[in-house]
Each structure stands twice: as structure tokens, then as C-alpha cells.
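Undergrad: I'd like to ask some things about the structure below.
Quick note: the coordinates plus some simple rules give every number you see, no bench work behind them. Predicted model, so just to flag it, every value in this text is computed and none were measured. Virtual Cβ from ideal backbone geometry, glycine too; neighbours counted across all protein chains shown.
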Amino acid sequence: MLKATKEVCGDSVPLLNGIAEFTTAGACETAKAAAGAGVDGFMLMPGMVYNSDRRETVNHFRTVAAATDLPIMCYNNPPVYRVDITPEMFEDLADVDTIVCIKEAAGDTRRITDLFNKLGDRYLIFSGLDDVALESIMLGCVGWISGLVDAFPRENRLMWDAAEAGDWKRGLDIYRWYMPMLHFDSHPKLVQYIKLACAEMGYGTETVRAPRMPLVGAQREEALKIIRDSAATRPS
């Protein structure tokens with residue numbers, strides 16, 4: 001799949017491969033295989049299932065980084081993966097040249113300022129949680145890795161461009177319109193919610209892989225109402 005994707009996108013956009021493995025050795029093997037398929041970099045998560053401590057977490061990222069010479073984005077999402085990659089851990093990893101950026105999804109925007117205060121511009125920091133995106137941009141994030149962008153790409157771009165231009169009033173107006181859907185990204189069923197939004201907007205299907213199942217009943221109807229109400233009042 002990676003080889004086919006690389007053939008399609010060529011050099012038009014960087015191709016990044018997510019790495020989420022149970023073991024450090026498994027993550028290294030995935031990195032090597034993906035590098036051989038032609039990817040341009042990785043988004044690397046902590047080891048799955050086991051809740052590693054500081055020493056173990058740092059060793060995981062350091063070891064996987066050494067497996068290839070490709071750039072790495074570290075994905076910090078402690079509410080989901082139960083391992084918090086703290087500013088102190090990123091300080092431990094600062095000598096690893098190929099670890100270049102952070103997807104910060106802790107949900108507490110104070111973390112962004114803590115990272116800048118401790119590490120300056122050592123890492124590029126990206127917002128990784130949709131419903132704190134505008135605050136994250138204001139605090140210095142250079143990018144936004146979004147879920148709802150798959151359903152509302154134009155509106156993501158409108159909000160980002162307004163914030164980048166310093167037009168915070170317009171950015172905030174779009175953000176407030178967007179927020180009911182952006183909360184989907186913080187829900188345990190975020191994949192189902194976002195795929196439902198994509199299907200409703202004509203960009204795909206609700207199909208998910210088990211054990212996930214599509215939304216049903218009142219939960220689905222409530223989500224559809226939010227999506228349809230938002231679509232009917234889209235910002236210009």
C-alpha cells in the first residue's frame with residue numbers, strides 16, 4: 001500500500017507512515033520496511049498496551065529513530081495511549097537529530113508553552129486535537145493535524161488562514177461554528193464520528209474495522225444533526 005501511495009503522490013507531498021506497535025523491535029522493523037517502500041518520514045507513537053515510564057519511553061523513541069535516517073514526528077496523546085511524553089522526555093531526546101516535530105494532543109494547551117519554554121525552537125510543534133486548534137495556533141503551533149479536515153477541508157483552511165493572518169475575530173467566528181463537530185475528535189468513537197461526517201459530506205463511507213462498528217440509534221442521529229446543522233450554516 002505504501003509503495004502504491006508513493007507512486008501516486010510522487011514528490012508532490014511528503015508521505016508519512018504512522019508507527020503504532022506493541023514492541024520497540026516491532027516498531028523498528030515497521031520503520032525499516034516503510035523506508036524501503038519510499039516513505040518520507042514517520043509519525044511514531046509510544047509502544048502500545050504497556051504504560052512505559054520515562055526511561056522506557058525515551059529508549060523506545062531513541063531506538064526507533066536509530067533504525068532509519070528518516071525524520072520523525074512524535075505523537076503525544078496520553079488520554080488515548082496512556083503514556084505522556086513530557087517536556088522533560090523531549091529534552092532527553094533533543095540530541096536525536098531525526099526527531100524533528102511533535103503532534104501534541106494532551107488536550108492541555110499549557111503543554112505547548114511548557115515545550116517552548118523548555119526547548120525553544122528545537123522541535124516543530126503541531127496541534128493534534130481538533131477542539132483546541134485555535135488556541136494551539138495562537139500559542140505557536142506551526143501546523144494542525146486534524147480529523148475533521150477530511151469532511152470540511154475548506155473550513156479548516158479558512159480558520160487556519162485567518163489565524164495565520166492575525167485575523168483572530170474571523171478565526172474565532174469559524175472556530176465557534178466548527179466546535180460542535182470538533183468535539184468529535186475528543187470522543188472515544190472519534191473514528192466513527194469523523195467517518196460519518198465524511199460520508200455525509202460525500203467524501204467516503206462509514207465503514208470501520210472491527211471491533212469498531214458504525215454509530216447507531218440516538219448517538220448516530222445526534223451526530224447527524226450536528227453535522228447537518230453545521231453544513232447548513234457553513235462560513236463563507
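Undergrad: Between their Cα atoms, which of K189/K225; K195/K225; K169/K189; K6/K195 are more than 20 Å away from each other?
TA: K169/K189; K6/K195
Undergrad: Restricting attention to region 46-127, which trypsin sites (Lys or Arg not before Pro) occupy a DSSP loop and are surrounded by at most 15 other Cβ atoms within 10 Å?
TA: R82
Undergrad: Then there's this: Answer rounded, prolate or oblate for region 2-145, using the Cα gyration tensor with square roots of eigenvalues a ≥ b ≥ c: rounded when a/c is under 1.5, else prolate when a/b is larger than b/c, else oblate.
TA: Oblate.
Undergrad: May I pose another question? List the chymotrypsin sites (Phe, Trp or Tyr not before Pro) within region 136-228 that fall in a DSSP loop (any state other than H, G, I, E or B) and whose Cβ has at most 13 other Cβ atoms within 10 Å.
TA: Sites meeting the loop and neighbour criteria: Y203.
Undergrad: Relative contact order (percent) for the chain, with alpha-carbon contacts under 8 angstrom and 6 or more residues of separation?
TA: Reported as a whole number, the value is 11 percent.
Undergrad: Same structure, new question: In whole angstrom, how far apart do the alpha carbon centroids of region 127-203 and region 1-64 sit?
TA: So the separation of the two Cα centres works out to 25 Å.
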